[in-house]
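Notes follow the structure.
The values are calculated or read from the model by the stated rules, or taken from the named source; none is laboratory data. No experiment lies behind these values; they were computed from the predicted model shown. For neighbour counting, all protein chains shown are included, and Cβ atoms are generated from backbone atoms with ideal geometry for every residue, glycine included.
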Amino acid sequence: MPISLPDDKRVEAIASIKQYALENFDEPLGDLGSGFLLDFFLTEIGPAVYNRAVRDTQERIQAAVMDVDVDLLEPEFTYWKTRRKK
């Protein structure tokens, strides 16, 4: 599944890459060069970041499922244990 950005986020990402290049490189990058660099990052590095996020989400969901018994289960057969003796 290719990783892409909505148009508004792509515009923001390209502007951010241009600003980074302006502050850190000898030559500024234009919209075209920044767009190509963004496409490279999304294609080459994006899947690794996405897969890590999926694994992190799986771990959090599994931990939450493990806590379901603690959070939701009610004690059973407690009437006689909690009844006061007369």
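Observations on the structure shown:
- Residue in the stretch 25-38 that is surrounded by 10 or more Cβ atoms within 10 Å (Cβ to Cβ) and acidic (Asp, Glu) present: yes
- Conditions (1) in contact with a Leu (Cβ under 9 Å, 6 or more places away or on another chain); (2) surrounded by fewer than 10 Cβ atoms within 10 Å (Cβ to Cβ); (3) not β-branched (Val, Ile, Thr): number failed by Leu5: (2)
- For the criterion of being at pLDDT 95 or above and either aliphatic (A, V, I, L, M) or part of a loop (DSSP other than H, G, I, E, B) (or both), Ala48 passes.
- Residue among Ser16, Ser4, Ser34 that alone is modelled with pLDDT of 90 or more, of a type in the set (Gly, Ala, Ser), within 24 Å of the chain's Cα centre (by Cα) and part of a loop (DSSP other than H, G, I, E, B): Ser4
- Residue in the stretch 52-59 that is in contact with a helix residue (DSSP H, G or I) (Cβ under 7 Å, 6 or more places away or on another chain), part of a helix (DSSP H, G or I) and surrounded by 10 or more Cβ atoms within 10 Å (Cβ to Cβ) present: no
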